[in-house]
Structure formats: structure tokens, C-alpha cells
Amino acid sequence: MPDVVIDLRGIRKEYGALRPLRIASMHVRAGESIALLGFDLAAAEVFVNLVTAATLPDEGEVRIFGTPTATVQTPDAWLGVLDHFGIVGERAVVLDELSVEANLIMPNTLALHDIDDETRAGARALAEEVGLRTTALDRPVARLDAAARVRLRLGRALAPQPEVVLAEHPNATLAGEALEAFADDYVRVVRGRGITSIVLTADARFAAAVATRVLTLQPATGELKAPSAWSRWFS
């Protein structure tokens, strides 16, 4: 399967919960948009850490772009792995005291003084892409509402031009129209870039809105099951 970018087989990982994280089998093809249900915040973090080679499974194998994560042996090699991924979630650091513009620029450069016009234009384009008003670029992040903050996190994840976006419960702070608007914009951005997306969420409706394939984890076995026709009909 040459176009498979993420491949997990026979995964078992202890992380202090009542039972370990188990994933029997999962493969994600380039350009796919997948949503995963059944992962709480802690399990979602473990999953992302496994996929990005930050940690290794206790059992099983994770392959990213055809390479086993067990072969990633040095810090430089791991940083090379991270270049493939953009992570959206509360763990992704944003600096509240800095402006939206500075936070969008930081993934690519730490030189935040005397920013050239091209770099500013890139930050403006990125803000527009993720649905942030460009009038908010000079605003400190601490003054953003929940909807704007999650869009900023999406923008930061996209800034380095990743091939895969991993989103850990990105909808957790949103509801109502703000949630629907973010789902629409997330789909637009992912499709527009043609990148691979994995969203971990507890909201089945949000999952269906942002992904073309929704899978639910069976914690005891590690199976990832698609919803039945009946559950789709009544959801």
C-alpha cells in the first residue's frame, strides 16, 4: 500500500489508565480525512504521541510514511518526523501575551522583530484561510474568544506546511453556530490543501461533519469500527 502514510498494527500502550490503549489495526491513506471516536483526552494524547514517534508502543508497530517509528533513534531524526505533522489541540503552545500575527509567524521563525512584508503577508493569508479576521492580527491572543483561539491553533499547525494534521478534540470548547462554522472551515482548509487529517473527538456529529470516514474504538479489543447503517440513519 504505497500511499499509506500512517499504519498501526497490534498496538498496545500502557499510560496509567484502567486499561492500556489498544489499536488492532489502522491505516490512513494520503489525503484521507478520518475521525476517531472513543479516545478521551489522555488516550488522544497517547495516540498522537505514538503517531509522531514521540513514544513507542509497548507492543505492535507504528509506521509513518513507510518507516517504523522504532527506527527513529536521534533527536534530529525525530524533528524530521515532526515536520510531516501539524497538531491542533490544547497541548500545542500559543503565547497569550503575543499577538495573533506573532503566533502565526513563530512556527517558521523566531525572529519577531523587523518582520518583512512577505512574512506579514503570509501570516495574513494564513489568518484568512482559517477564518480569523485580519483585523485581529495585532490583538494579543489572551483577548481571543474560544472560536478564534481554535482557529489560531489550526493556523499554527498549518504554518509549516505539514502533510498530516492531527487534531486532539479541537471542538471541545465550541458549541452551536461556532462549532458548525469551525467544522465547515476545517473541511474547507483540509480539502483545499489536499492534506491528510485525523480528528479525535467525542462528538459524533462533529466527527461526521469533518471526516469522510468515522471509526469508533472498541477499548477492550482495539478494533476500530465504522458506524452501522442504522446508527447513521438515527444519528
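No value in this document is a laboratory result; all are computed from the given coordinates. Just so you know, these numbers come straight off a predicted model, no measurement behind them. Glycine gets a Cβ as well: all are built from the backbone with ideal geometry, and neighbour counts include every protein chain shown.
3J(HN,Hα) along region 172-178: 4, 9, 10, 7, x, 5, 4 Hz, from the Karplus curve 6.51 cos²θ - 1.76 cosθ + 1.60 with θ = phi - 60°, whole Hz, x for Gly and Pro. With both labels modelled 7 Å from their Cα along Cα-to-Cβ, the Asp3 to Asn108 distance reads 2.9 nm. Taking the convex hull of the alpha carbon positions in the chain and averaging its projected area over all directions gives 13.8 nm². Annotation for region 165-202 versus region 1-72: alpha-carbon center distance of 20 Å. For region 65-152, which GluC sites (Glu not before Pro) are both in a DSSP coil and crowded by at most 10 other Cβ atoms within 10 Å? The qualifying sites are Glu97.
Between Leu98 and Thr212, the contour length at 0.36 nm per residue exceeds the alpha carbon distance by 37.4 nm. Cβ-Cβ distance of Ala30 and Ala142, R₀ of 30 Å, FRET efficiency by 1/(1 + (r/R0)^6): the value works out to about 0.20.
Amide H contacts under 5 Å for Glu59: Arg12, restricted to partners 5 or more places along the chain or on a different chain, H placed in the peptide plane at 1.01 Å from N. Among residues other than Ala159 with Cβ under 15 Å from its Cβ, the summed charge is 0 (Lys and Arg +1, Asp and Glu -1).
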